[in-house]
């Protein structure tokens, strides 16, 4: 691959798994995260495996921190070919429990939207000058489905989605392209406080990392999941029925103890115990794999669908 790839939120979860996977493909990986110790561990792991990686402690909610980091990366390594905006914050809390917690919305927007935009604005000038660049924004299927209790999170990701659409149109002739990944729930430490993994189906970080690699290699406009697409189509063609189904889901799954204030306030970074691993799945048969691959290819014939 040989590309210079910068990944945010790379000290744990999807970012860590993606950094390892991208390095394995031969890219030079630049890892950004706030926690320097964990960042160094990932860099060391990549180098021990024969890859090339560099870690830069950075808080993407701090403009000066981003400016210093980008300046250091470009002065030391000349350029960045690809950016993966992966760092994120998630809040799962009902609105009636959020009336005195505007800071939840502000903090979520600061990481998921403004932080990602900062890096896009900082790195696209050198991409445009070189005539090549690709940016992968890790969004969420929550934007398509609008699940209850995720108002702050879904809104921040929706803002990033629309920014990406506009940026992609403006930079089309500059050689700078964008991919939005509407990621489903992934088994990362971020979901532990709200116990999401006990309520909704989830995927592994290895699966998510493979999707990020695919976004960098194939560079589609977007990558969705069947569930996300179904939710998006439902809101378009059967909005009333979809709203009632989501409301039933809302009534059937209570707020977590953390959201109710009955436990320590939910931390939304990877400074928590990792999610419980799911039971090991049996290997799928060759027939199932063939059918799955055929279904994915058939889905791509539908305009706007890319699974």
Inset, instruction - Under 7 Å between Cβ atoms, at least 6 apart or on separate chains: pull out the pairs that start in the range 212-237 with a residue that is on the phi > 0 side of the Ramachandran plot and end on any residue that is outside any helix (DSSP H, G or I) and at pLDDT 95 or above. - result: 219/134; 219/177; 219/179
Legend entry - Flag if residue 159 is surrounded by fewer than 24 Cβ atoms within 10 Å (Cβ to Cβ), in contact (Cβ under 8 Å) with a residue 40 or more places away in the chain and within 30 Å of residue 252 (Cα to Cα): yes
Inset, instruction - Give the number of residues within the range 24-42 that are in contact with a helix residue (DSSP H, G or I) (Cβ under 7 Å, 6 or more places away or on another chain) and under 20 Å from residue 60 (Cβ atoms). - result: 6
Legend entry - Hits in the range 129-147 - residues which are more than 19 Å from the chain's Cα centre (by Cα) and either surrounded by 17 or more Cβ atoms within 10 Å (Cβ to Cβ) or modelled with pLDDT under 95 (or both): none
Legend entry - Within the range 69-103, tally of residues that are crowded, with 20+ Cβ neighbours inside 10 Å and modelled with pLDDT under 95: 7
Legend entry - Wholly within the range 189-307, helices (runs of 4 or more DSSP H) carrying at least 2 residues that are at pLDDT 65 or above and within 29 Å of residue 16 (Cβ to Cβ): 205-218, 226-237, 257-260, 286-299
Inset, instruction - Could you please give the count of residues in the range 105-128 that are under 18 Å from the mean Cα position of the chain (by Cα) and either outside any helix (DSSP H, G or I) or over 12 Å from residue 157 (Cα atoms) (or both)? - result: 4
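The values are calculated or read from the model by the stated rules, or taken from the named source; none is laboratory data. Not measured: the values here are computed from a predicted model. Cβ sites come from the backbone with ideal geometry, for glycine too, and all protein chains shown count toward neighbours.
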